[in-house]
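Report on the following structure.
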Amino acid sequence: MMETTETIDQDKNISVQRTGEETRKLAFKNVLCTSCGLCEKICPVTAIEVEPAGATLEEQEASKIDIKEDKCVLCGMCACICPYNALEMEIDGKSVKDIEEYPKLLKSAEISEDVCVYCKACETACPRDAIVIARDLPERSKLVTGEIEIDKETCIDCGICEELCPADAITMEHKEPTADSPTVSSDIEVDKDKCVYCLICKKACPVDAITAACRQCSYGEYDLKAEDSEITGSTFIDEDLCVDCGWCEEICPVDAAKVEKAFEGTITVDQEKCQGCETCVMICPCNALSFPKSEESGGKPEKLHAEEKYCIFCGACEKACPNEAITVERTGIKSTPIKSKSWKTAFESVKGTSK
Amino acid sequence: MTDQSVTNTHGVPMPKHIISGLKYLAAVELRKNNFTQKEIAEKLEMDRSTVSHYLNGRNISWHSIEIAEIIRNFCPRDFSTLTYALLQDKKKTRTIVKICSNKMFKCMVKNTCIGCGVCADACITEAIVLDDLEAQINSDWCCGCMICMEICPTKSIEIKEVEDDGDYRNY
Amino acid sequence: MSIELVTYPELCHGCGNCVVTCPVNALRSPEVAGGKGPTDEVDLIMEVEDGSIELKRTELCGKCGACARSCPVSAIRLEKLEDAK
């Protein structure tokens, strides 16, 4: 009849497959797993065991989870609950994320290109390096307007303007003086693409060899075009890496990023139990945890700061803490409608706390 | 009956002869229910002439029929699984088993079903499909082998034998 | 789960980093949290005895790995038992 087979590749990725009336394939991607334990919680046949997160911070020989070949029935619940896209299931080559009957977590992260100013704060802040912002800067020369000229007859080749120029716009051709050409420089030029008409060179020149004026300062911006100062670019969020943590939305200075989270919940820390081992901070895939520094000398800040703004309530920290100092409670799960009663029950079982 | 169909040197029928015996029994059963030879041929995927021979007691050995009778009288599990092993085809198994057996079953799936599909894969008469993450079992097609019941990881399947209500169902 | 605490006594210098770093030990004994070996009877996961690390109440271990990270010579690790030694 049919047989379930499991293979593990050299990258510790797991593949479980069963071919019968349909071909079902469960694929686990080790690098995306955070050992949060949600798959282990939801599995209706206890086929999954998650290795301790603290151990998997170091390179291990084994995968972060263990799927028992003789127990797994490829129901797909783990693939539907995993918030990190570490588990995917296909039926006859089609992902269950594209099959209506299977509940899909409702979560998203989007950046509005109409509003985005390409400041790149989100790219820097993203804990999964899931965001790429590309930007085209305007040409400097189109943002300034003015005139500058160096009188080469008057110029004494002292090089003070070259040294002072903050835009590196002045270049001298330094040379050794020779009997037939007893000068220390053969030429001096101002690169008008770089010059910003700050007039520092004019002020510093000891022989007043430089005439220059900034038209903007004297007359306003009449000969600058607004469209020349526009910054254009593009945004890209890698959906496989994005965990919808909310960092981009929180840090965006112009509210261009919007994040919808799948889980609602709370996270609380028992500051007395916490002994500062830092395992949770290292494990958290959302950078939602940190050890705050004291504001003033001799001050006592909280030991562990948990910021719900960036938390997706996966419970990885709670599972990793050896002193049970963290409590994560999921109060809601947003997903596409679930018709099956047993699946509704399974999703409900993931709510609440582990305690 | 002519005894010309023993083909191996030890005088024991081969699997294909046992299959012939089962087809003979099925043909006889269908004839009792007023199926024409043409209809019987279609249903059992046989030549009409072969059907005619069988119904007149030709081209089939009594030994094959005897073995088929014994198999038909096995418990549903053994009858069905042996028929499937012989035919290697789920639809054909369903046809033979449901015609030759007078047992009927009522199959229910509880709402603890998780839609894993193991039962559908295991069912030897293709009586199970999945709909909205729940197994749906066609009780008329069920052969009573109970394999699905045993294999279900959430013990969500219940199968009972019920009285044959006499109406001839279409398989 | 087959990942367990494993010690390599031949590598151990007896510095006690692991004992003091262990958050389970620290919660049970403020003295140990402060960096000193316990003067009172207290259940610790591991202790230094005769200059080398000894595993004691390993069932209390939450497998956070803090001890392994604190050890300068990798004399204490979290490993799958088949891979150890």
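Readers should treat all values here as calculations from the given coordinates under stated rules, not as data from a laboratory. These numbers were taken from a predicted model, which means no experiment stands behind them. Neighbour counts run over all protein chains shown; Cβ positions are idealised from the backbone, glycine included.
Applying the criteria of a DSSP loop state and at most 13 other Cβ atoms within 10 Å to the trypsin sites (Lys or Arg not before Pro) of segment A:215-297 yields A:Lys225, A:Lys293. Each principal axis of the Cα cloud of segment B:104-162 was taken in turn, and the coordinate range along them, longest first, works out to 26, 18, 17 Å. Mean-square fluctuations from a GNM of chain B, with a 10 angstrom spring cutoff on Cα atoms, peak among B:Ile99, B:Ile137, B:Ile151 at B:Ile151.
All Cα-Cα separations within segment A:76-138 were binned at 5 Å from zero, giving a P(r) of 4, 13, 20, 15, 12, 13, 13, 8, 3, 1, 0, each value a whole percent of the pairs. Excluding same-chain residues fewer than 8 positions from A:Lys225, which aspartates and glutamates have a Cα within less than 20 Å of its Cα? Reachable aspartates and glutamates: A:Asp136, A:Glu139, A:Glu147, A:Asp193.
Extent of chain A along its three principal axes (Cα atoms, max minus min coordinate, largest first): 98, 58, 45 Å. What separates the Cα centres of segment A:155-178 and segment B:42-61 is a distance of 110 Å.
Its alpha carbons give segment B:15-73 an Rg and a Dmax of 10.5, 29 Å. I need the Debye-formula profile for chain C: one equal scatterer per C-alpha, no solvent, reported as log10 I(q)/I(0) at q = 0.21, 0.24 1/Å, two decimals. Those come out to -0.95, -1.23, one per q. With springs only between Cα atoms under 10 Å, which of A:Leu199, A:Leu38, A:Leu289 fluctuates most in a Gaussian network model of chain A? Maximum among the listed residues: A:Leu199. Mean per-residue shielding of peptide C:60-71 is 6, counting Cβ atoms of other chains within 10 Å of each Cβ. Using all pairs of distinct alpha-carbon atoms, the Kirkwood hydrodynamic radius of segment A:209-307 works out to 19.1 angstrom.
Cysteines in chain B lacking any other cysteine Cβ under 4.7 Å from their own Cβ: B:Cys75, B:Cys100, B:Cys107, B:Cys113, B:Cys123, B:Cys142, B:Cys143, B:Cys145, B:Cys152. For the protein assembly as shown, the mean projected area of the C-alpha convex hull, equal to one quarter of the hull surface, is 53.2 nm².
Beyond 20 Å between alpha-carbons counts as too far, so tell me which of A:Lys120/A:Lys142; A:Lys71/A:Lys319; B:Lys38/B:Lys90; A:Lys41/A:Lys319; A:Lys120/A:Lys258; A:Lys258/A:Lys351 fall in that bin. From the list (A:Lys120/A:Lys142; A:Lys71/A:Lys319; B:Lys38/B:Lys90; A:Lys41/A:Lys319; A:Lys120/A:Lys258; A:Lys258/A:Lys351), the Cα-Cα distance tops 20 Å for A:Lys120/A:Lys142; A:Lys71/A:Lys319; B:Lys38/B:Lys90; A:Lys258/A:Lys351. The GluC sites (Glu not before Pro) found in chain C that occupy coil by DSSP, while having at most 11 further C-beta atoms within 10 Å, are C:Glu10, C:Glu41, C:Glu82. Quick one: among B:Val97, B:Val28, B:Val109, which has the greatest mean-square fluctuation in a GNM of chain B with alpha-carbon springs under 10 angstrom? In this elastic network of chain B, the residue with the biggest mean-square fluctuation among B:Val97, B:Val28, B:Val109 is B:Val109.
Can you tell me which aspartates and glutamates have their Cα less than 13 Å from the Cα of B:Lys23? Leave out same-chain residues fewer than eight positions away. Answer for B:Lys23, where 13 Å is the Cα cut-off: B:Glu42, B:Glu45, B:Asp47, B:Glu66, B:Glu69, listed by chain and number.
Judged by a Cβ-Cβ distance under 4.7 Å, the unpaired cysteines of chain C are C:Cys12, C:Cys15, C:Cys22, C:Cys61, C:Cys64, C:Cys71. Only lysines eight or more places from A:Lys94 in sequence, or on another chain, were considered; those with a Cα closer than 21 Å are A:Lys25, A:Lys29, A:Lys104, A:Lys107, A:Lys339.
Segment A:Thr154..A:Thr336, full-extension length gain: 57.7 nm, with 0.36 nm per residue of separation and the alpha-carbon distance subtracted.
To one decimal place, what orientation-averaged projected area in nm² is obtained for the convex hull of the Cα set of segment A:4-98? Its average projected convex-hull area is 5.8 nm².
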